[in-house]
Amino acid sequence: MKKYILIFVLISITSFGQNFSTKLSNAAINLTKDKVVYDPTYFVLKYPNGDVPAGKGVCTDVVIRAYRALGIDLQKEVHEDMAKNFSNYPKKWGLKRPDKNIDHRRVPNLMVFFSKFGKVKPITNDAKDYIPGDIVTWDLPKNLTHIGIVVNQKSADGKRYLISHNIGAGQVLQDCLFDWTITGHYIYQK
């Protein structure tokens, strides 16, 4: 937790005068400096501001940690909305009530949350429509879902912004915007 507090302070100091999207992009880039092993284990988390153990995580944890670096606790935000509007969220996991330990770590739940409280942007095949600070979700093979943050670094050919995500190799930057079927495109600022 101390590490994430330090990241928050450093980002706050270095991002004075930047807009929210730039700050989110920078936070997502900074996360790629940490060694993280892909680990989808269910963890019991403190609440609010709970996080899986340092050095572990999945794709949603990149998004959660980037927002947390900007003072936004998606664990709390998603849990509070699910507690009030549970019927609006997917029933894919057979839960009968919200679970503050895992709900924010599920892509379909984040898609519902961002659709309700953020701005839904068009899904297109034009790289220019995806800008730093955007959140993108995908369908992967075997009916898996994925999420990442568009950051302010470009692909080698300069045509696309990179994605900060964790698809199994830890928190990385990658040129993968159109590698899978895009299912959601959002901006969320609080």
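No value in this document is a laboratory result; all are computed from the given coordinates. The shown structure was predicted, so the numbers you read here are calculated from the model rather than taken from an experiment. Backbone-built Cβ (ideal geometry, glycine too); neighbour counts: all protein chains shown.
Of the residues making up region 12-66, those that are of a type in the set (K, R) and touching a Leu at 6+ places or on another chain (Cβ under 9 Å) are K23, R65. Looking across region 82-93, just one residue is part of a loop (DSSP other than H, G, I, E, B) and surrounded by 14 or more Cβ atoms within 10 Å (Cβ to Cβ), and that is Y89.
Of all residues in region 63-75, those that are surrounded by 19 or more Cβ atoms within 10 Å (Cβ to Cβ) have Cβ atoms under 7 Å from Cβ atoms of residues that are part of a helix (DSSP H, G or I) and aromatic (F, W, Y), 6 or more apart or on another chain, in R65/Y4; R68/Y4; A69/Y4; A69/F8; L74/Y67. Number of residues in region 124-136 that are without any contact (Cβ under 8 Å) to a residue 60 or more places away in the chain and part of a strand (DSSP E or B) equals 1. Can you say whether I72 is under 13 Å from the mean Cα position of the chain (by Cα) and part of a loop (DSSP other than H, G, I, E, B), as far as the supplied structure shows? Against the criterion (under 13 Å from the mean Cα position of the chain (by Cα) and part of a loop (DSSP other than H, G, I, E, B)), I72 qualifies.
Restricting region 150-176 to residues that are without any contact (Cβ under 8 Å) to a residue 60 or more places away in the chain and within 18 Å of K33 (Cβ to Cβ) leaves a set whose member that is surrounded by the most Cβ atoms within 10 Å (Cβ to Cβ) is I163. Within region 46-60, the residues that satisfy the criterion of being buried (at least 18 other Cβ atoms within 10 Å of the Cβ) and either in contact with a Lys or Arg (Cβ under 7 Å, 6 or more places away or on another chain) or farther than 17 Å from V172 by Cβ (or both) are G50, D51, V52, V58, T60. Condition check: farther than 21 Å from H165 by Cα and among the polar types (S, T, N, Q). Does N88 satisfy that? When the stated conditions are applied, N88 passes them. Here D179 fits the description: charged (D, E, K, R) and loosely packed, with under 15 Cβ neighbours inside 10 Å.
Residue by residue, here is whether (1) in a loop (DSSP other than H, G, I, E, B); (2) farther than 20 Å from K23 by Cβ holds:
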position	(1), (2)
E80	no, yes
L95	yes, yes
M111	no, yes
P122	yes, yes
W138	no, yes
N152	no, no
D179	yes, yes
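Restricting attention to region 20-36 and to residues that are surrounded by 18 or more Cβ atoms within 10 Å (Cβ to Cβ) and assigned to a loop (DSSP other than H, G, I, E, B), the residue that is farthest from the chain's Cα centre (by Cα) turns out to be V36.
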